1. Can you tell me how much longer the chain between residue 22 and residue 161 gets when fully stretched, taken as 0.36 nm per residue apart minus their C-alpha distance, in nm with one decimal?
2. I need the calculated FRET efficiency for the pair residue 129 and residue 86, taking r as the beta carbon distance and R₀ as 35 Å, to the nearest 0.05.
3. If I stretch the segment between residue 153 and residue 168 completely, what's the gain in nm (0.36 nm per residue apart, minus their alpha carbon distance), one decimal?
4. Specify the angular offset, from 0 to 90 degrees and rounded to the nearest 10, of the alpha carbon long axis of helix 98-109 from the longest principal axis of the alpha carbons in the chain.
5. For the chain, what does the relative contact order come out to in percent, with C-alpha contacts under 8 Å and a separation of six or more?
6. What Kirkwood radius, in Å to one decimal, follows from the Cα pairs of the stretch 14-70?
7. Measure nothing fancy, just the Cα-based angle from helix 142-160's long axis to the longest principal axis of the chain, in degrees from 0 to 90, nearest 10.
8. For residue 48 paired with residue 36, estimate the spin-label separation in nm (one decimal), with each label point 7 Å from Cα along the Cα-to-Cβ line.
Ligand SMILES: NC(=O)c1ccc[n+]([C@@H]2O[C@H](COP(=O)([O-])OP(=O)(O)OC[C@H]3O[C@@H](n4cnc5c(N)ncnc54)[C@H](O)[C@@H]3O)[C@@H](O)[C@H]2O)c1
């Protein structure tokens, strides 16, 4: 049986490119969407590559029309704590607002499966280690807050739509 197409957003970055490699090794047809703002085209190990921005609805619509995507894995974010303190709006724009655009495009395209690359930064200063999944979340910088905000958004959206998601911390 043919495996479903997976869209890897941010697949030209550090973690996303390894995810693309794993998916290809497992015989999944993979499409990478990346704006190359922080990634490198040469890192993407194969599959289809689309140069585009997850904050641009037209780029997303075009990808969902062109390929029969069944699930989205989201690794596209700004992820430097210090930079997030200096430029919080840039972080809220890319990590939160652009994720809203991605989820809207998925809804329009009827794609219901979503894996979100969150971060252990959602926990803030740990009260105990090792940190368990039910540890309280109290991010201490805008980067962590943007990740937790998206987690809350996913929970809210999944209550009232067919969205099926998980967050990787
Ligand atoms: N690297 C880590 O140790 C680590 C730890 C925890 C969580 N994470 C999370 O994993 C994800 C990937 O991190 P990484 O280290 O691979 O970062 P990275 O910067 O190497 O990769 C991010 C990729 O996303 C792309 N991108 C960013 N904004 C985009 C947009 N608007 N449209 C399209 N592409 C866009 C960049 O060009 C880049 O290729 C992030 O969400 C990050 O928060 C990373």
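1. Values: separation 139, 0.36 × 139 = 50.04 nm, distance 2.92 nm.
So the extension gain works out to 47.1 nm.
2. The formula returns an efficiency of 0.80 here.
3. On the way: separation 15, 0.36 × 15 = 5.40 nm, distance 1.47 nm.
My answer for the length gained is 3.9 nm.
4. For helix 98-109, the angle is close to 40 degrees.
5. It rounds to 21 percent for the chain.
6. Hydrodynamic radius (Kirkwood, Cα pairs) of the stretch 14-70 is 11.8 Å.
7. With rounding to tens, the tilt is 60 degrees.
8. 1.9
Read the figures in this text as sums done on the coordinates, not as results from a lab. Keep in mind the model is a prediction, meaning the values are calculated, not measured. Positions of Cβ are generated from backbone atoms using ideal geometry, with glycine treated the same way; all protein chains shown enter the neighbour counts.
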